[in-house]
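The values are calculated or read from the model by the stated rules, or taken from the named source; none is laboratory data. Please read all numbers here as calculations on a predicted model, not as lab measurements. Neighbour counts are summed over all protein chains in view; Cβ atoms, including those assigned to glycine, are modelled from backbone coordinates with ideal geometry.
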Amino acid sequence: MKFSRTKRREFRMIRIPLVAFIDVVLFLLLYFVMAGEIAAAGEGQLSSTLQTDKKASPTNLQAQILRVEPAPGGVLFLIGDRKASTARELASVLRALPKDAGVLVRVSGDVPIEHAAEAVQACRDAGFAKVSYVPTTR
């Protein structure tokens, strides 16, 4: 007499339902498209003196060059032969300049970033629409 039963085992391959797999892949693709930025919106909104407007007439004005350099007491803002030691003084100097050509902010590598931001903000406060930031190294 036999007390044990012998079962015949069948091995099946595991199958992933194709429709569910496609749904998961499309969901992940949609998630990454929606979560990421399609276009660089921040940089696209900045105006610069390098852009050209085809409708505008050519001008003989060149962009003003604002240099930001370290000084013993802090920082020095230089526009031609004019010097300013604070952002308020800089804004008053910038208000007297022509605005059409824009301004080029050239910052020395030894200057802290907050002074570079002050210079760019002073240019915006003075009414310049075209402000370009150029960091320089030694």
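Could you check, for the range 74-87, whether at least one of its residues is over 21 Å from residue 115 (Cα atoms), at pLDDT 70 or above, surrounded by 10 or more Cβ atoms within 10 Å (Cβ to Cβ) and over 27 Å from the mean Cα position of the chain (by Cα)? No, every residue in the range 74-87 fails to be over 21 Å from residue 115 (Cα atoms), at pLDDT 70 or above, surrounded by 10 or more Cβ atoms within 10 Å (Cβ to Cβ) and over 27 Å from the mean Cα position of the chain (by Cα).
Can residue 129 be described as among the small types (Gly, Ala, Ser), in a helix (DSSP H, G or I) and over 13 Å from residue 67 (Cβ atoms)? No: the conditions fail for residue 129. Any chance the range 36-56 includes a residue that's surrounded by 10 or more Cβ atoms within 10 Å (Cβ to Cβ) and modelled with pLDDT of 85 or more? Scanning the range 36-56, I find no residue that is surrounded by 10 or more Cβ atoms within 10 Å (Cβ to Cβ) and modelled with pLDDT of 85 or more, so the answer is no.
Based on what the data block shows, is residue 21 modelled with pLDDT of 85 or more, of a type in the set (Phe, Trp, Tyr) and either closer than 30 Å to residue 128 by Cβ or in a strand (DSSP E or B) (or both)? No; evaluated as a whole, the condition is false for this residue. Please specify each residue of the range 88-105 satisfying the condition of being surrounded by fewer than 17 Cβ atoms within 10 Å (Cβ to Cβ) and in contact with a Phe, Trp or Tyr (Cβ under 8 Å, 6 or more places away or on another chain). The answer is 89, 99. Of the residues making up the range 89-138, those that are of a type in the set (Lys, Arg) and touching a residue at least 24 places away in the same chain (Cβ under 8 Å) are 95, 99, 106, 130, 138.
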